[in-house]
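Below is one structure, written out as structure tokens; the observations come after it.
The values are calculated or read from the model by the stated rules, or taken from the named source; none is laboratory data. Model, not experiment: these values are computed from the prediction. As a convention, Cβ positions derive from the backbone with ideal geometry for all residues, glycine included, and neighbour counts pool all protein chains shown.
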Amino acid sequence: MGDAVNTIFINGTEYPFKPGQTVIQVAQENGIDIQHYCYHPGLSIAGNCRICMIEVEGNPQPQISCKLDCAPPPWIKEPLRVQTESEVAKQGREGTMEMLLVNHPLDCPICDQAGECHLQDYSYEVGQGQASTTTAKTKLPKNVPFGSKIVYDAERCIKCTLCVRFCEEITETNELSMQGRGDEEMVVMTSKGEFDTPYSMNIIDICPVGALTSRDFRFKSRLWFMDFANSIDTSSAKGVNIVTGGRNGTFLRIEPRYNASINDWWMADEGRVAYKYVNSPSRLETALVRDADGQFRVANWEDAISAAAEALRSNPGDILLDGGCTLEEMVLAKDLAGAMGKNAKFAAATGEGDGWLVTEEKGANAKGAELLEVARAKRAQAASVLVIEREEHVNASMREKSGAVVVFATDGEHVPESAEVVFPLPSWAEREGTLVNIDGLAQWMERNPAIGPNNLPVFVEILEDLIGELDDDYAWRGADGVRAEIAALPAFAKVALPWQTETPVGAGS
Ligand code: SF4
Ligand code: FES
């Protein structure tokens, strides 16, 4: 017996493979794109859509690459040689596309998936542009509710079974199954009757076509009018990697982003819809200063900073921070408190966790606060500065009992009676900075310029200006200077900080 074959030739180049790897996996690892619908790296291989055809040299028939083991049969001692762009491979894919389009509706102009639909993309690449069949398309159910968050369109479904496999293999809740045969085949709810897994909306992302759409997002915007940013789910402390999507100031969508060390390809539904408050009609957009007769008047940033410094000189006190604030913001909040001879504390809600991607700790940067030695405020207490984004972290009782005179708030509804100066606080999707998840992993949160009101001040800059007003000796460091200080802290000696790595943790997939 000679050594086992452990390489494969793809398009004439030799690549190593690990035992058990299939051709599509080695191709993807090496940047070679092979069209696929039913293949997903996080799920079992079904091999049912037939779009991933390649040519295996010596074999006249195309083969599917998602199920083809890179190891040749034991009696063959030579590496497999495959071609992904040969005539045999292309004709195989063209035949599959023609079959898939026989019954698929031509409704791309009204389909939410347009712009991110694999069927649409591949149709442009290998579709014929004209059907060779003349029979009417099969009619199947449309607008079928799969639970309260998802709508199923059986006519668009290409029966790839990804959604069924997700419920079998990832959530193990088995709400979906395939029913019927041939062109009558479709996805149905099983006898369980409800589609209530808290991770249900992941099937919308993995569906390669527009058969599964989000009730929350559908018909709100065409993809190409939106801007996207790599960010972190701040609804709990797991640090799930996400992409935020917005348009003209409105937050429209959150989708998970691949990170093998935290969430793979998935996220919980509760994080996905935890953006609604960002679009509140009572968002603050200007600085407000209370005048002599007790009414708020709009102020420019300089006047508001002077008024805030004045208020803090006569009411020095602690700072109470929202537990979603970044490391950079927490460091500057500590410095502001220090300029008053006081302390910064953070407040964050706790709740139910599921042992996976939803943590009991809801403060997205509670771990970062611990590393910075910012103590947790467990109950209502006096503070002269309040930083409040999420209602659940700094609740109404905490806000009112704080007696805060300077308030940074995202929503005007959260400003306590005691406030004398109010600054609009951009939401997390509108700020950039570093969060440390509950497992101690530091990640970068990117700002999405298409979300939130225009021209809001940068929170860390206002904090620095305020410290400068209170402390004549203060030397401005800027966010980069603050990051350098964080990196030098002993508590961060073993934390890989995203701005120090070539590919920031949490950026890209
Ligand atoms: S609904 Fe989408 S994911 Fe599910 S089988 Fe149909 S095409 Fe595949
Ligand atoms: S991706 Fe290979 S058969 Fe579907």
Quiz item: Can you name the condition, by its number, that A4 falls short on among (1) more than 16 Å from ligand 1 (Cβ to nearest atom); (2) among the hydrophobic types (A, V, I, L, M, F, W, C); (3) under 29 Å from the mean Cα position of the chain (by Cα); (4) modelled with pLDDT under 95?
Solution: (3)
Exercise. Can you give me the number of residues within segment 429-461 that are outside any loop (DSSP other than H, G, I, E, B) and touching a residue at least 12 places away in the same chain (Cβ under 8 Å)?
Key: 13
Self-check item: Qualifying position, being out of contact with any Gly (no Cβ under 6 Å at 6 or more places or on another chain), of a type in the set (A, V, I, L, M), buried (at least 18 other Cβ atoms within 10 Å of the Cβ) and closer than 30 Å to E285 by Cβ, among I206, I232, I254
Solution: I254
Self-check item: Residue identified as outside any loop (DSSP other than H, G, I, E, B), out of contact with any Phe, Trp or Tyr (no Cβ under 6 Å at 6 or more places or on another chain) and either closer than 25 Å to A307 by Cβ or not polar (S, T, N, Q) (or both) among V358, V394, V422, V387
Solution: V422
Self-check item: Restricting segment 21-62 to residues that are small (G, A, S) and more than 16 Å from ligand 1 (Cβ to nearest atom), the residue that is surrounded by the most Cβ atoms within 10 Å (Cβ to Cβ)
Solution: A27
Practice problem: Kindly indicate whether C66 is in contact (Cβ under 8 Å) with a residue 60 or more places away in the chain, touching a Gly at 6+ places or on another chain (Cβ under 8 Å) and under 27 Å from A211 (Cβ atoms). | Solution: no
Quiz item: So, in segment 184-203, of the ones that are at pLDDT 90 or above and of a type outside the set (A, V, I, L, M), which residue ends up surrounded by the fewest Cβ atoms within 10 Å (Cβ to Cβ)?
Solution: E184
Quiz item: Where residues in segment 44-61 are in contact (Cβ under 8 Å) with a residue 24 or more places away in the chain and within 11 Å of ligand 2 (Cβ to nearest atom), which of them is nearest to V126 (Cα to Cα)?
Solution: I51
Practice problem: Go through the residues of segment 161-182 one by one and say whether even a single one is within 16 Å of ligand 1 (Cβ to nearest atom), at pLDDT below 95 and either in contact with a Leu (Cβ under 7 Å, 6 or more places away or on another chain) or among the aliphatic types (A, V, I, L, M) (or both). | Solution: no
Practice problem: Run Y124 past the list (1) modelled with pLDDT of 85 or more; (2) surrounded by fewer than 18 Cβ atoms within 10 Å (Cβ to Cβ) and report the number of the one that doesn't hold. | Solution: (1)
Quiz item: For segment 75-155, list the strands (runs of 3 or more DSSP E) that sit wholly inside it and hold at least 3 residues that are closer than 30 Å to E175 by Cβ; which are they?
Solution: 144-146, 150-152
Practice problem: Tell me, yes or no, whether segment 7-18 has at least one residue that is within 16 Å of ligand 1 (Cβ to nearest atom) and either more than 14 Å from E85 (Cβ to Cβ) or in a loop (DSSP other than H, G, I, E, B) (or both). | Solution: no
Practice problem: For segment 183-199, name all the residues that are among the acidic types (D, E) and within 14 Å of ligand 1 (Cβ to nearest atom). | Solution: D183, E184, E185
Self-check item: Residue ID - nearest to H40 (Cα to Cα), chosen from residues in segment 255-313 that are acidic (D, E) and more than 24 Å from the chain's Cα centre (by Cα)
Solution: E285
Quiz item: Among the listed residues E370, E328, which satisfies the condition of being surrounded by fewer than 21 Cβ atoms within 10 Å (Cβ to Cβ) and either assigned to a helix (DSSP H, G or I) or hydroxyl-bearing (S, T, Y) (or both)?
Solution: E370
Quiz item: Which one is surrounded by the most Cβ atoms within 10 Å (Cβ to Cβ), of the residues in segment 63-83 that are closer than 27 Å to S123 by Cβ and away from ligand 2 (no atom under 11 Å from the Cβ)?
Solution: V82
